[in-house]
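The values are calculated or read from the model by the stated rules, or taken from the named source; none is laboratory data. Bear in mind that the values here come from a model prediction, so they are computed numbers and not experimental data. Cβ atoms come from the backbone with ideal geometry, glycine included; neighbour counts cover every protein chain shown.
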Amino acid sequence: SYCQYLIYGVKKGIMQKLSTIFPFSRTPMRTHVRTRFAPSPTGFLHVGGLRTALYSFLFAKNQGGDFVLRIEDTDQKRLVPGAIESLISTLETVGLSCDEGFGLRNGTCEQHGNHGPYIQSERLGLYQGYANELVERKLAYHCFCSSERLAEMREIQIAAKRAPRYDRHCLSLKPSEVEARKSAGEASVIRFRIPDDRDIEFGDLIRGTVKFHTRDMDDQVIIKSDGFPTYHLAVVVDDHLMEVTHVIRGEEWLSSTPKHILIYEALGWQPTEFGHLPLLLNPDKSKLSKRQGDVAVEDYLAKGYLKEALINFVALLGWNPGKGETQEIFTLAELQEKFDLTKVNKAGAVFDIKKLDWMNAEYIKRMDTDSLFARLKKGNFLEKELIRKAPDPMQTDVFLKRVLTIEQDRLAKLSEFGEQNPFFFTDTVEYAVDLLRWKENTPALIQEALKKARAILGTLDESMWETHAELERVLLEAAGEKRGDFLWPLRVALSGAQRSPSPFDCAWVLGKNQTLKRIDKAIRICETGK
Ligand code: GLU
C-alpha cells in the first residue's frame with residue numbers, strides 16, 4: 001500500500017508539473033487527502049451507509065487528511081423530515097464526527113468549514129452556472145421532451161429489443177428556438193451530451209481497472225425542470241469544489257462513475273480517485289435488506305450494541321488487516337492506524353449477526369463495570385418493567401451495579417440486563433421443593449446444609465458483604481469436600497432457579513438481610529414441603 005501511495009504521489013507530482021507548463025486544467029493538484037460521506041436525507045443511517053462513512057473516515061484519518069460530511073438533497077421528493085438530524089446524530093454517537101460539513105451543536109445541525117454550504121439545496125446557483133457553461137460549449141443541451149414522449153420512446157425501443165436510451169430528439173434545437181420555448185414557459189431539463197464511441201477506463205482503488213463504453217450510457221439529465229441538479233452533476237461539482245481527493249462509496253454507484261468522469265472532463269477538472277465498496281449480504285448471500293432484519297444503525301444502538309463493537313464489526317465487513325493477522329478486536333484509533341483501502345475485498349461481505357453478538361459480548365466483558373453501568377443508564381437500559389416493579393432496595397445503583405458485575409461476562413447486549421436473573425428483582429422466590437435436592441439427598445440433609453449456611457452467614461458482619469471474594473472464601477471453606485451437598489441447596493434457596501450465578505454471587509448481590517430471609521424460607525419449605 002505504501003508503494004501505491006508513493007506511485008499516487010509521484011503521479012500527482014508529475015501532473016502538477018505538467019499543469020504549470022500547460023495550464024489546461026483548472027484543477028489545482030491536491031496531495032492532502034480529503035474524503036467525504038454524502039448521504040441523502042431519505043431516512044435513517046443504514047449499516048451499509050455506516051460502513052461507507054467509516055471507511056471514508058478511516059482512510060482520511062490514516063492519511064492525515066480530512067473527512068467531510070455533505071448532505072445530498074437534490075431529490076426533494078424523497079426527503080424525510082428529521083433525517084438530517086438523525087443521520088448526523090448517529091454518526092456523531094458512534095464517533096465519526098466530520099472535520100468539515102454538518103455537525104450537531106446542542107442538538108441542532110450546524111455547518112462548519114471553508115467549502116460550504118455543505119447541503120446541495122443551498123448550492124443551486126453553482127450547479128446552474130456550470131450547466132449553462134456546458135450548454136454554451138455545446139457539451140449539454142436543453143430538452144423539452146415530455147414524460148409521455150419519453151415513455152413512448154422507451155416502449156418502442158424495448159419492443160425493438162434495443163436498450164432504452166434518449167433519442168436526442170432535442171439535441172439539434174437552435175438556441176433561438178430554445179430561448180423562445182423557455183420564455184413561453186415550456187418546461188425543460190438540461191442533458192449532458194455523452195460523447196460517442198468512447199471507452200471510459202479508470203483505476204478503482206478496490207476493484208482495479210474498470211471499463212465502460214459510452215454506447216451504454218444515456219445523455220444524462222443534469223438539471224431537472226425544477227431547477228435542481230441531478231445527483232450526477234451535483235456530486236461532481238461538489239467533490240471538485242470541496243477538494244475531495246478520494247470518493248469511497250458503495251458498489252451500486254460504480255456504473256455512475258464513468259458519467260462523472262465525463263463531466264469532470266467536460267468541465268476541465270481532474271477527477272478524484274474512486275473506490276467502490278463491496279455489497280453487504282445476508283448469510284444466504286442475498287443483498288442485505290430491511291426484510292431480513294434491522295438495517296438501521298440507531299436500532300442496533302437501541303438494542304444495546306455498544307458503539308465500539310458496532311464500529312469494529314462494520315470495519316471488518318469487507319476489510320481485514322491482512323494475511324496472517326488474527327486480531328479481531330480493534331479500537332477506532334487502531335482502525336485508523338491500520339486501515340488500508342488496498343485490503344478491502346471485492347467480493348460481497350456477509351453481515352453475520354452472530355459475529356456481532358460475539359463481538360459485543362467481548363466489548364462488554366472488557367469494559368470496566370462503572371463505565372458499563374453509566375452506558376446502561378444513559379441508554380435507558382435500566383428503564384424496564386423488571387426493574388421498575390422491583391422492591392425499592394433492588395432499584396438502587398449499588399444493587400444494580402452488583403447485578404451487572406455478576407452478569408457482565410455473559411451479557412451479549414445491554415438490553416438483556418437482568419433478564420437472565422429475574423429473581424434478583426423480587427422480594428420472594430417461588431420454586432418446587434424438589435429443586436433444593438442435590439442428587440439423592442434427603443430433606444433432612446438438605447435442611448442441615450441450609451441451617452449450616454444460615455448459621456455461618458448469620459454471624460458474618462455486614463461488612464463481609466462488601467466484596468464477594470470474602471463470601472466465596474467463607475462459604476467454600478464451609479462446603480469442604482462435599483461442595484454440591486452444601487452449595488446446591490443454598491444456591492437454589494437464593495435464586496429459586498435451576499440455573500443461576502453461584503451462591504456467593506447471589507448472596508453478595510442480595511445483601512445480608514435478603515440472603516438470610518431466602519435461606520429461612522428454604523428451611524421452612526424443607527420442613528413443611530411447601
Ligand atoms: N447521495 C448518495 C447516496 O445517498 C451518495 C453517493 C456518492 O457517494 O457519490 O448514497
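Miscellaneous remarks
- Number of positions in the stretch 239-256 that are more than 9 Å from the ligand (Cβ to nearest atom) and on the phi < 0 side of the Ramachandran plot: 9
- Residues of the stretch 69-93 that are buried (at least 22 other Cβ atoms within 10 Å of the Cβ) and either of a type in the set (Asp, Glu) or over 19 Å from Glu122 (Cα atoms) (or both): Leu91 alone.
- Residue in the stretch 254-269 that is touching a Leu at 6+ places or on another chain (Cβ under 7 Å), surrounded by fewer than 19 Cβ atoms within 10 Å (Cβ to Cβ) and closer than 24 Å to Ile71 by Cα present: no
- Residue match in the stretch 55-68 (condition: surrounded by fewer than 22 Cβ atoms within 10 Å (Cβ to Cβ) and either within 26 Å of Gln220 (Cβ to Cβ) or within 15 Å of the ligand (Cβ to nearest atom) (or both)): no
- Residue in the stretch 120-138 that is at pLDDT below 95 and either within 20 Å of Pro41 (Cα to Cα) or of a type outside the set (Ser, Thr, Tyr) (or both) present: no
- Test: residue in the stretch 180-196 that is free of Cβ contacts under 8 Å to residues at least 40 places away in the same chain, more than 16 Å from the ligand (Cβ to nearest atom), under 25 Å from Arg123 (Cβ atoms) and buried (at least 17 other Cβ atoms within 10 Å of the Cβ): no
- Of all residues in the stretch 215-226, exactly one satisfies the criterion of being of a type in the set (S, T, N, Q) and buried (at least 16 other Cβ atoms within 10 Å of the Cβ), namely Gln220.
- First in the stretch 457-485 and within 16 Å of Thr405 (Cα to Cα) and at pLDDT below 95, second anywhere and among the aliphatic types (A, V, I, L, M) and part of a helix (DSSP H, G or I), Cβ under 6 Å, 6 or more apart: Glu470/Met464; Leu471/Ala507
- Some residue of the stretch 352-367 being in a loop (DSSP other than H, G, I, E, B), out of contact with any Cys (no Cβ under 7 Å at 6 or more places or on another chain) and under 16 Å from Lys413 (Cα atoms): yes
- Taking every residue in the stretch 209-232 that is closer than 14 Å to Tyr141 by Cα and of a type in the set (Lys, Arg) and pairing it with any residue that is assigned to a strand (DSSP E or B) and more than 16 Å from the ligand (Cβ to nearest atom), at least 6 positions away or on another chain, the pairs with Cβ-Cβ distances below 7 Å are Lys224/Val189.
- Test: residue in the stretch 294-314 that is closer than 25 Å to His32 by Cα, more than 16 Å from the ligand (Cβ to nearest atom) and either hydroxyl-bearing (Ser, Thr, Tyr) or at pLDDT 95 or above (or both): no
- Filtered residues of the stretch 420-445 (kept if more than 28 Å from Leu386 (Cβ to Cβ) and either of a type outside the set (A, V, I, L, M, F, W, C) or modelled with pLDDT of 95 or more (or both)): Arg437, Lys439, Glu440, Asn441, Thr442, Pro443
- Among the residues of the stretch 87-140, those identified as charged (D, E, K, R) and not in a helix (DSSP H, G or I) are Asp99, Glu100, Arg105, Glu110, Arg123, Arg137, Lys138.
- Qualifying residue in the stretch 279-289 (condition: over 30 Å from Gly379 (Cα atoms), within 14 Å of the ligand (Cβ to nearest atom) and either at pLDDT 95 or above or not polar (S, T, N, Q) (or both)): yes
- Tabulated pairs, the stretch 491-509, first surrounded by fewer than 24 Cβ atoms within 10 Å (Cβ to Cβ), second acidic (Asp, Glu) and in a loop (DSSP other than H, G, I, E, B), C-beta under 7 angstrom, 6+ apart or interchain: Gly496/Glu430
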